[in-house]
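S.K.: Let me give you the structure first, and then I'll get to my questions.
Any read-out appearing in this document is the output of simple, stated calculations on the displayed coordinates, not a laboratory observation. Just so you know, these numbers come straight off a predicted model, no measurement behind them. Using ideal geometry, Cβ is built from the backbone for each residue, glycine included, and neighbour counts are taken over all protein chains shown.
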Amino acid sequence: MESGTPVSRTRVELMGHQYTLKGDLDSEYMKSLALYVDEKIRNLQKLMPGFDSTRLALLVSLNIADELFQAKAGRNALPDGVDEKTLRELGEKTQKMIELLEEGIIGEPLR
């Protein structure tokens, strides 16, 4: 948390227990995060009813970390069928279109 940023306290429920989260995030956002984690734990608990809450929380943490890593990898990956050369060509064409628009050659001149 950055200094000077207002800190909010938000009550949430995880695995049937009440917790107070403290942070500089929006209260509704913190509630949605807690709800997401709680749903993940409850879903896993249905599949593994004999696991204790600590083990469930650790497994869910690993699953969420995997989701994060997968999302980061996907963000950096090129879409199917697009290679570096095609991407570069698209960038050059886009830049040329921007220049033409700025010069007023196509569309209305920018004022």
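S.K.: Which value, in Å to one decimal place, does the Kirkwood hydrodynamic radius take for region 8-77 when every pair of different Cα atoms is included?
M.R.: Final number for the Kirkwood radius of region 8-77 is 13.4 Å.
S.K.: Hey, what do the phi angles of region 33-50 turn into as Karplus ³J(HN,Hα) couplings, whole Hz, using 6.51/-1.76/1.60 and θ = phi - 60°, x for Gly and Pro?
M.R.: Calculated HN-Hα couplings, in order: 5, 5, 5, 4, 5, 4, 5, 4, 5, 5, 5, 5, 4, 5, 7, 10, x, x Hz.
S.K.: Here's another thing I want to ask about it. Treating only the Cβ of Lys, Arg, Asp and Glu as charged (+1, +1, -1, -1), what charge dipole size does region 8-77 show about its Cα centre? Round to the nearest 20 debye.
M.R.: 60
S.K.: Here's something else I'd like to know. Amide H to amide H under 5 Å from Leu25: which residues, 5+ apart in sequence or cross-chain, H placed 1.01 Å off N in plane?
M.R.: Amide H to amide H, under 5 Å and 5 or more residues apart or across chains, Leu25 pairs with Ser8.
S.K.: Please list the non-local residues whose amide H lies under 5 Å from the amide H of Phe51, H modeled 1.01 Å from N, same-chain partners needing a gap of 5 or more.
M.R.: The answer is none.
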